[in-house]
Amino acid sequence: MLSKALNIDEWLGHHMYTPLIDKKQAKEIDLIPAEPTMAKKVLPLMTDVICQRLAIKPIETVKDMACFIQGTYSLQKWRFFILNRSLGIVGGISFGLVGEEKESITALLSYWIGKEYQGQGFATQALSHLMAALKKQQVNHFLAQVYPDNLASQKVLMKLGFTCSDPNIQREDYSGLVDFTLSMI
């Protein structure tokens, strides 16, 4: 329903076997469709800490990873791996679309980077490219949810122009997710 209005399925189908981002835009990465057949290869990157930051149960088996890749029980049904051209897969990024009216559709974003690849700009670059691709499909509103103590993720989002108006971010005793939003109208 929603995806048809934006032709997201058709647009993503075009990219099923090609990188999502234009090589001219990307310096170091490609966003490639996440496939369950890649679960065994990607499983070592998914630590318990990353699962905790994603607000999901620990991924311990190849079957768990395949379910995660398929987006089972998730609002983010479009999933990609972040592929560094020299290092291989360094993380993942996904999105789902929420909203009823085309003008107010919001992309709910999620991303993760393997521990050994964190702090190298991969999340910022991947989010930037994904958001630019979604903007071309008239998606102008973005939402990412993070825990208040996940300062690295907050830094990535703020670097891209996201803001957090959730008062819970200031509470030391708050352990839930807080919203970071960006409108590109």
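Each reported figure results from applying straightforward, stated rules to the coordinates on display, with no laboratory input. Computed from a predicted structure; not experimentally measured. As a convention, Cβ positions derive from the backbone with ideal geometry for all residues, glycine included, and neighbour counts pool all protein chains shown.
For the stretch 84-149, the equivalent ellipsoid built from the Cα gyration tensor has semi-axes of 25, 14, 8 Å, listed from largest to smallest. Compared with the alpha-carbon gap, the fully stretched path from CYS67 to ASP179 is longer by 37.8 nm at 0.36 nm per residue.
Dividing the helix sum by the residues of the chain, where each DSSP H run of 4 or more adds -39500 (n - 2.57), gives a mean residue ellipticity at 222 nm of -7500 deg cm²/dmol. Cut-off 11 Å, label point 7 angstrom out along Cα-to-Cβ of LEU151: give me the residues of the stretch 157-185 whose amide nitrogen falls inside. Of the residues in the stretch 157-185, none has backbone N under 11 Å from the label point off LEU151. Approximating the spin labels as points 7 Å out from Cα along Cα→Cβ, the THR47-to-LYS77 distance works out to 3.3 nm. Per-residue packing, averaged as other Cβ atoms within 10 Å, sorts the ranges 92-98, 158-164 into the order 92-98, 158-164, beginning with the highest. Gaussian network model of the chain, Cα springs within a sub-10 Å range: biggest mean-square fluctuation belongs to which of ASP173, ASP64, ASP149? Highest fluctuation of the listed residues: ASP173.
For a paramagnetic label modelled on GLU103 (point 7 Å from Cα along Cα→Cβ), amide N atoms under 18 Å away belong, within the stretch 139-154, to 139-142. Enumerate lysine pairs in the stretch 97-178 that are 8 or more residues apart or on different chains, then count those whose Cα atoms are under 20 Å apart. Lysine pairs, 8 or more places apart or on different chains, close enough: 4.
The Kirkwood hydrodynamic radius of the stretch 103-185, based on inverse pair distances between different Cα atoms, is 13.4 Å.
Within the chain, the longest run free of GluC sites (Glu not before Pro) that sit in a DSSP loop with at most 10 other Cβ atoms within 10 Å is 1-99. Converting phi to 3J(HN,Hα) with the Karplus coefficients 6.51, -1.76 and 1.60 and the offset θ = phi - 60°, the stretch 163-179 yields 10, 10, 10, 6, x, 5, 5, 8, 7, 5, 8, 8, 10, x, 7, 10, 8 Hz in sequence order, with x at every glycine or proline. Model label sites at LYS57 and LYS135, defined 7 Å from Cα along the beta-carbon direction, differ in position by 3.9 nm.
Dimensions of the stretch 63-117 along the principal axes, based on C-alpha atoms and rounded to the nearest Å, stand at 41, 25, 16, largest first.
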